[in-house]
């Protein structure tokens, strides 16, 4: 009986410890706000979405576009590749391997203008 109770106490204590460490790590990561506009041949992309990938592809974040505009309030500071998806978006912008769009997110507010080309 005591062994089961001791195990349960240990498991709960370990869970609380891991949760505390995870919260601490997340709190130490620097985040920033980003916003911007995606255009295709100079015109706002009517729909679709953008997805940001870290250089090692381990993390990503994305959002839907509204009249070509996007806004994300909490993006980790760092460098990202951006892919875009939507009607009329050329294939070269739709995969992480072929996109040529790179951005650097810095502390504070970041404003990006991304002009995709059909050709």
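The values are calculated or read from the model by the stated rules, or taken from the named source; none is laboratory data. It should be emphasised that the depicted structure is a prediction, and the values quoted were computed from it without experimental measurement. Counting neighbours? That spans all protein chains shown, and the Cβs are built from the backbone with ideal geometry, glycine included.
Only residues that are exposed (fewer than 13 other Cβ atoms within 10 Å of the Cβ) and not in a loop (DSSP other than H, G, I, E, B) were counted across the stretch 27-65, and they come to 4.
Taking residue 88, is it under 17 Å from residue 116 (Cβ atoms), in a loop (DSSP other than H, G, I, E, B), touching a helix residue (DSSP H, G or I) at 6+ places or on another chain (Cβ under 9 Å) and modelled with pLDDT under 95? Judged against the criteria, residue 88 is not a match.
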